[in-house]
1. Could you point to the residue in B:V238, B:N207, B:M225 farthest towards the positive end of segment B:153-258's charge dipole, with +1 and -1 charges on the Cβ of Lys/Arg and Asp/Glu respectively?
2. Efficiency by 1/(1 + (r/R0)^6): what FRET value for B:E166 and A:L15, r their Cβ-Cβ distance, R0 = 41 Å, to the nearest 0.05?
3. Take peptide B:233-239, look around each residue's Cβ out to 10 angstrom, count Cβ atoms belonging to other protein chains, and average those counts.
4. Take the alpha-carbon positions of segment B:1-145, form their convex hull, and give its projected area averaged over all directions (one quarter of the hull surface) in nm².
5. How far apart, in nanometres, would the label points at B:N28 and A:E167 be if each is projected 7 angstrom from Cα along the Cα-to-Cβ direction?
6. For A:R24, what residues show an amide H to amide H distance below 5 Å, using hydrogens built from the backbone and excluding near sequence neighbours?
7. Over all distinct Cα pairs, what is the inverse of the mean 1/r for segment B:73-123, reported as the Kirkwood hydrodynamic radius in Å?
8. Can you give me the Rg/Rh ratio for segment B:3-253, using Cα atoms for both radii and the Kirkwood formula for Rh?
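The values are calculated or read from the model by the stated rules, or taken from the named source; none is laboratory data. Just so it is clear, the structure is predicted and the values come from calculations on it, not from any experiment. Here the Cβ is made from the backbone with ideal geometry for all residues, glycine too, and neighbour counts use every protein chain on show. In case anyone asks, the SASA skips ligands and DNA or RNA and just uses the protein heavy atoms, side chains included. Shrake-Rupley method; radii C 1.70, N 1.55, O 1.52, S 1.80 Å.
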Amino acid sequence: MKANKPELIVDGKRLDGRGFGDLRSIKITANVLDNADGSAYIEWGGNKILAAVYGPKEVFPKHFADPTKARVKCRYSMAPFSSLEEHGRSGPNRRAIEISKVTTNVFENVIMLSEFPGSEIDVFIEVLQGDGGTRAAGITAASVALANAGIHMKDLVYAVSAGKIGEDIVIDLNKIEDNYSDCDMPMAIAPRNNDVLLLQMDGGLSKEDLKKAVSMVIEAGKKISSVQKEALKKVYTGIAEKYESNGV
Amino acid sequence: MDAIDVIKTKYVRELLANGKREDGRSINDFRSIRIANDIVSSAEGSAQVDLGSTRVLVGVKLEIDTPMEDNPEEGNLTVSSELLPLASADYEPGPPSPEAIELARVVDRGIRAGSCVDMKSLFIEEGKAWFVYADIYVLNYDGNLIDASTMAVMSALMHTRVPKYEDGKIIREESSGKLKIDNIVTSATFGKIDGHLLLDTTKNEENAADARLTIATDDNYVRAMQKGLSGSLSTNDVIELAGLAFEKHKEIKGYLKE
């Protein structure tokens, strides 16, 4: 526990006025980068994150090619100017390497890998501005980017953190809550069957706390999923409207 | 995976379909656990853990450094790991792989979140505190490095002596007492193979596994969790395994004696 801990919950409200189960505002725009095969930009509370997908494409280096399925490569990275603290060092640190690994596991699960044998699908998550929960927001955006790239998936994954402040279980910790909370538990879920694809946690949770946190994640996920779907619909209804207005 | 690994993976799956494991264990048993302490005398603390034929050695060294700005009166703990090329035909020399980084970070998270080391006791004087470095050396890989390493780091810390500090010098030959340990955290890692959940998977079982879940606990709380591999778990799996991890904590704690 760090010194100078601020009062994170006053009269049942969190510092930014949210209730325990409330998400921050989430805005997703799909198809934002011209060069990428699929992309998405997410503003989740104070987080600003870009996700881009390249592929299926040739595997590099070639000997990593798997003749039975596609290879997924995810890279999570935070810009050196993305945090309120000092200038970050460029290149992936140990935290980023771990997040890239668990994120890769998430998308290996949902992408229909055997449809693209011998190829590679790259997923890039760039955190431009971080305010807590960047890996969850990044995964949520990357899902949309993959769908936007037309890559066949079993499900549209979302991710969000649950946490514990004092004795209360809350959803979607922002940076200051994350710094001083008693627990942080990011999860990524494939919503069709509520399959858990990413689960990390540190802090302290009793078994009862854990049950509650998991159910709050599932509940919050409904909202996140609908924002993801809206973002995708907007891209394609936009295209349809463009052609209709041209009289095609 | 080599061809032989593919065959062994198939064997593991076939056995499981008949409710069996390759070494005859039941699904929620650890392999035999042996812990030896103080085996590297140049380190301030050390432990070797044999979990079946998985073997890890942990050495702890203490250095003096400037405390972090946000905790000016506390020391720090850093856990690192090396998957040594001598531990497995699959390990290559070079910079730490994502697997090695994940291993160190997951072990670190459990022990840190459980406040196992009294960081305040590491404070020496303004601008000076002991920094504890625990290095995980994997000597032989046969699955479940996370649990073996958590045990080894915990045990090594429990047997760490703080060097004497006098007139601005570290005197490693003499000790000012034992490192202050406030809590004991252990972990239980489960593999999911064809829907079966197994504790303490061997190398062959790990090769066959679809998903993996590590749960580090102390007596009352889950302290850290990490899901691995690309398979999925149900929310019920997670909650059920957390209950089991608490049971296993009681068991492993018995092996960690000061």
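1. B:M225
2. Working: r = 47 Å, r/R0 = 1.13.
For B:E166 and A:L15, the calculated efficiency is 0.30.
3. Values: counts 4, 4, 13, 4, 3, 8, 6.
Average neighbour count from other chains, rounded to a whole number: 6.
4. Its Cα hull, projected and averaged over all orientations, spans 11.1 nm².
5. 3.0
6. Here nothing satisfies the definition.
7. Result for segment B:73-123 stands at 12.6 Å.
8. Computed over Cα atoms, the ratio is 1.01.
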